[in-house]
1. So between Asp178 and Thr215, what do we pick up on full extension, going 0.36 nm a residue minus the alpha carbon distance?
2. Gain in length, His74 to Ala107, computed as 0.36 nm per residue apart minus the alpha-carbon separation, to one decimal in nm?
3. Amide H of Asp203: which non-local residues (sequence gap of 5 or more, or other chain) have their own amide H closer than 5 Å, using H built in the peptide plane?
4. Out of the trypsin sites (Lys or Arg not before Pro) in the range 34-113, which ones are loop residues according to DSSP with at most 11 other C-beta atoms within 10 Å?
5. Residue by residue through the range 52-64, what is 3J(HN,Hα) from phi via Karplus (6.51 cos²θ - 1.76 cosθ + 1.60, θ = phi - 60°)? Round to whole Hz and write x for glycine and proline.
6. Once both labels are modelled 7 Å past Cα along the beta-carbon direction, what's the Thr170-Thr2 spacing in nm?
7. What does the C-alpha gyration tensor say about the overall shape of the range 22-76? Classify as rounded when a/c is under 1.5, otherwise prolate if a/b is larger than b/c, or oblate.
8. With a Förster radius of 45 Å, plug the Cβ-Cβ distance of Asp66 and Asp92 into 1/(1 + (r/R0)^6) and report the FRET value to the nearest 0.05.
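Since every read-out is calculated from the coordinates, none of them should be taken as a lab result. Since the structure is predicted, the reported quantities are computational estimates derived from the model, not experimental observations. FYI the Cβ positions are ideal-geometry reconstructions off the backbone, even for glycines, and counts take in every protein chain you see.
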Amino acid sequence: MTAVLEVDDLSVRHGGVLALDRVALSVHGGEIVGLIGPNGAGKTTLIDTLSGFVAPATGTVRLQGDDITRTSPHHRSRRGLARTFQSLELFDDLDVYDNLLVAASDASRVGATLDLLGLAPEAHRLPAELSNGHRHRVAFGRALVGSPQVVLLDEPAAGLDPTETAELATLLAHLRDDGLGLLLVDHDMSLVLEVCDRVEVLDVGRVIASGAPETIRADPAVLDAYLGRQR
Ligand SMILES: Nc1ncnc2c1ncn2[C@@H]1O[C@H](COP(=O)(O)OP(=O)(O)O)[C@@H](O)[C@H]1O
Ligand SMILES: [Mg+2]
């Protein structure tokens, strides 16, 4: 089966820093791939590169088998690749409905996306009037409203309380079961290990481990590089 998103030999330089060093990974439809690693590991740089905001020094990015390495963010989003931002990037002067509408290629998708996310009652509120959990859902809705094939999530659980995080986990599993491919970057290790089918571990720009959550949990290199430094 062709991966919906396939990355090979991807390197990115930020000035003198090698932020990504020959990274390879893939995401299939109906799969949640976790991406973890310490601060500065290159997780956001990878999402920025996959979504077309950063140009790589080497490597290829394929979407449904097509080379999109040098295409614009807009082209990628039209082709089915969506992302969220760590900073949410909502339009503060637009209500929830319009925040989704401006991201939609088809206005008829907005209502269904609001329903899916439980946001219909908030449709005519401004982001500032929402709980943190609901603001996160609006950001996710902006990614989902274009009917993507794959969504890249940059720390969607940051700042969520345990109830909101559990709701996010349920939503991610539902979307995965519906056939969506998801790349989940998050610091919440228990969320990542719970919902992901596979996990990739980045450290200083390199993939140092990849495998099933049970394998990753016990991998000595991961414990040393990531969990060890957190303690
Ligand atoms: N715009 C940038 N300019 C220069 N260096 C950057 C920039 N963005 C990230 N970096 C550097 O690249 C490395 C990876 O950062 P980042 O992708 O933000 O990591 P993560 O999201 O895993 O915390 C870090 O060393 C960071 O300081
Ligand atoms: Mg980051």
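1. That pair, Asp178 and Thr215, stretches by 10.7 nm at full extension.
2. 10.1 nm
3. Sorted by chain and number, the residues that satisfy this are Ile208.
4. Sparse-neighbourhood loop trypsin sites (Lys or Arg not before Pro): Arg70.
5. Per-residue couplings from phi come out as x, 8, 10, 8, x, 7, 9, x, 10, 10, 10, 10, 6 Hz.
6. The answer from the label model is 3.6 nm.
7. Oblate is the answer for the range 22-76, as a/c is 1.5 or above yet b/c matches or exceeds a/b.
8. Values: r = 36 Å, r/R0 = 0.79.
The value I calculate is 0.80.
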